[in-house]
Amino acid sequence: MKRIDAIYHVRGKAEYVDDMPLPAEMLYAAVFASTVARGKIWHGSKTGIFG
Amino acid sequence: MTGQIHFILNERTVCTSQPPGITVLDYLRSWERLTGTKEGCKEGGCGACTVLLGELQGSKLVYKTVLSCLLPLGELSGKHLVTIEGLNKEQLSPIQQALVDYGATQCGFCTPGIVMSLTGYLLASEKDIDEAGIKTALNNNLCRCTGYAAIKLAGSALVQSLGNGGVRNLENWIDKGILPEYFRDIPSRLRQLPRTAKRLAEGAASLTSSRSLSESENGKVLPEFIIAGGTDLYVQQGDILAESTVRLLNQSPQMKGITTDGDFIHIGALTTFAEFANHPAIIKLIPHIQEYIRRIASWSIRQRATVGGNIISASPIGDISVLLLALNADLVLQAGDNVRKVPLRGFFRGYKKTGKEPAEILTEIVVSTPASAIKFNSEKVSKRQYLDCAAVNSAIAIRCTGDTILEISISMGGVAPIPLFLKQTSNYLIGNQVTQEAIAGAFPILQGEISPIGDIHGSASYKRLLARQLLIAHFTKLFPGFIAVKDFYETN
């Protein structure tokens, strides 16, 4: 079955995420699970309650 | 120690001061922004990074299919690097068109690598292309999506349309639309390239240099890496290599090639696995070498990986090391004007540690040509049949009269921190006849001589079983008239 994007594949022109140039000042995010079952999210502080 | 590296990249002549130790893959994607060449595994397994590297050999322009994730930038000096972008013309090439026509792409990530491998096969093929050759060429590339069927059909179609094409040369391939027109000028343009970074070449070729650590840059002492093929080094230490000074041994022609002088076979340390397996002297010594070599890496890696590299990287399962241990090879080590010759047996001192001094370079491996006929066998057990490390591997060289063993050397990898020459097991079997009793008598000695540990390749007890089975396999393969596998079924 022919694909309409096959031509891009065989020419190496299909763009994948790793091929895209990174925008300037790009931010990164990481996902993690909370260690607190039920709590309030404070703004920004990395140093914690006693910091 | 950076010079400038002059080469031709697709259609452009390039001069770069980027470090010679970075991979061509990183150079292409990050510096040149040519993102058609993909990063899949970064360890030579997937082929998404495949490029073509053209070099003048005499008057002939020869292209090799190379994995750019394992290729140091410095190796491009004086050569023509071709990426998928460099193969593109207005019209699709017959290879590209076949892949489109047969629906041989899905996500398309592996596709540039497949186009490169197939193109490389066409360019390198000395005879008519055929389906077996297409299949071998594609050993270089993994595809997760298509299941390969459509790719194979595209390959068969190419054999139909391009096979029996007559004279196989560059002009031919340009006329058939495999390569763009600009390739016509490449030979003359390569001759005009400045003799690149002479210091790079001199540093590597000069065996009188005995520094093992480079001068510091910014006060930080960078370890200097000596790189032959780089096919193991870039997998193990790719990140460090990018910011280290490197010595590229491939600039030293005196370490290449195999010569014979009646009593000895001299194997240059830079002999590639492919050259090793194709050499008549090796084929005479190890008749099944071409079949066995296919169990080691892949055909494109075999064009880069070197015999010397396999020994110096000192892996306990080094396939070539295990072969050479059974052949009782000697090593020639050189530092400056000091040359010494040491036996390979005894060269491995501990896990990945050898008897090589830091300032030395392994230049040559010497094997005696047997005075009379020996039988040779090798075995490799690995989870995947191809492109995989051994769990346990083994080699045997044996001379008999009738069924009596006169001389025997057995080596084994994967059963100790180093590749082993099984001295006690071999000695035990001398003088014995090739019978089930004699071989079974060797089992306890074999088990006493090895010390496998459990790891991803298998448990210690599994490896002990493999050791026993491979010993049996050597004899049942070499002496089918004297002994059969079923003779061992009932024994412990």
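The values are calculated or read from the model by the stated rules, or taken from the named source; none is laboratory data. From a predicted model like this one, the values you see are computed outputs, not experimental measurements. Every residue, glycine as well, gets a Cβ built from its backbone with ideal geometry; the counts of neighbours run over all protein chains shown. Note: accessible area is taken over every heavy atom of the protein model, side chains too, but ligands, DNA and RNA are not part of it. Shrake-Rupley method; radii C 1.70, N 1.55, O 1.52, S 1.80 Å.
Observations on the structure shown:
- Annotation for residue B:148 and residue B:284: the two label points, set 7 Å from Cα along the Cα-Cβ direction, are 3.7 nm apart.
- Mean Cβ neighbour count within 10 Å, used as a protection proxy, ranking B:449-456, B:178-185 highest first: B:178-185, B:449-456
- Inter-chain neighbour count for B:94-103: the average number of beta-carbon atoms from partner chains within 10 Å of each residue's beta-carbon is 3.
- Solvent-accessible area per residue, Å², over the range B:1-86 with all protein chains present [probe radius 1.4 Å]: 30 Å²
- Residue-averaged beta-carbon neighbours from other chains (10 angstrom radius) around A:17-24: 2
- Taking every protein chain into account, the 1.4 Å probe leaves residue B:31 with about 130 Å² of accessible area, to the nearest ten.
- Surface accessible to a 1.4 Å probe, per residue, for the residues of the range B:223-286, Å²: 42 Å²
- Against the criterion of solvent-accessible heavy-atom surface with a 1.4 angstrom probe, B:146, B:119, B:13 sort, most first, into B:13, B:146, B:119.
- With every protein chain in place, the range B:340-414: carbon and sulfur % of accessible area (1.4 Å): 52 percent
- Highest average packing first - B:19-25, B:283-289, B:186-192, B:461-467, Cβ atoms within 10 Å: B:19-25, B:461-467, B:283-289, B:186-192
- Helix-only mean residue ellipticity at 222 nm for chain B, each DSSP H run of n ≥ 4 adding -39500 (n - 2.57), per residue, nearest 500: -8500 deg cm²/dmol
- Vicinal HN-Hα couplings computed from phi for the range B:118-126 (Karplus, 6.51 cos²θ - 1.76 cosθ + 1.60; Hz; Gly/Pro x): 5, 5, x, 4, 4, 5, 8, 6, 7
- Assigned charges on the beta-carbon of Lys, Arg, Asp, Glu; the protein assembly as shown dipole about Cα centre (debye): 600 debye
- Excluding ligands, DNA and RNA and using a 1.4 Å probe, chains B and A jointly bury around 1600 Å² of accessible surface, summed across both partners.
- For the residues of B:105-112, the average number of beta carbons from a partner chain within 10 Å of their own beta carbon is 6.
- Cα gyration tensor category, rounded, prolate or oblate, for the range B:344-492 with a/c compared to 1.5: oblate
- Among B:269-276, B:319-326, the order from most to least packed when residues are scored by Cβ within 10 Å on average: B:319-326, B:269-276
- Residue pairs, from the table B:256/B:284; B:135/B:375; B:64/B:127; B:152/B:176; B:64/B:352, whose Cα atoms sit over 23 Å apart: B:135/B:375; B:64/B:352
- Cα lying deepest toward the dipole's positive end in the protein assembly as shown, options B:20, A:41, B:192, charges on Cβ: A:41
- Two-site label geometry, residue A:29 and residue B:383: point separation in nm, points 7 Å out along Cα→Cβ: 3.5 nm
- Residue-span extension gain [residue B:440 to residue B:424] - 0.36 nm each, minus C-alpha spacing: 4.3 nm
- Potential lengthening between residue B:191 and residue B:357 on full extension [0.36 nm per residue; Cα-Cα distance subtracted]: 55.9 nm
- Chain B, dipole about Cα centre (Lys/Arg Cβ +1, Asp/Glu Cβ -1), debye to the nearest 20: 220 debye
- The residues of the range B:8-42 listed by number as losing at least 20 Å² of accessible area in the complex, against the isolated chain and with a 1.4 Å probe, are B:29, B:33, B:35, B:38.
- For the range B:271-285, 3J(HN,Hα) computed residue by residue from phi via the Karplus equation (6.51, -1.76, 1.60; θ = phi - 60°) reads 4, 6, 4, 5, 5, 4, 6, 9, 7, x, 5, 6, 5, 5, 6 Hz, glycine and proline entered as x.
- Cα→Cβ-extended label distance, 7 Å offset, between residue B:161 and residue B:486, nm: 5.3 nm
- From phi via Karplus (6.51, -1.76, 1.60), per-residue ³J(HN,Hα) for the range B:434-440 in Hz, x at Gly/Pro: 7, 9, 4, 5, 5, 5, 5
- Heavy-atom surface analysis with a 1.4 Å probe gives the range B:1-154 a carbon and sulfur content of 48 percent of its accessible area.
- Förster radius 22 Å - calculated FRET efficiency between residue B:433 and residue B:465 (Cβ-Cβ, nearest 0.05): 0.30
- Centre-to-centre, using Cα atoms only, the range B:107-149 and the range B:355-381 are separated by 33 Å.
- Entry comment: accessible area of the range B:343-476 is 42 Å² per residue, from protein heavy atoms only and a probe of 1.4 Å.
- Cα centroid separation - the range B:1-47 against the range B:423-491, whole Å: 48 Å
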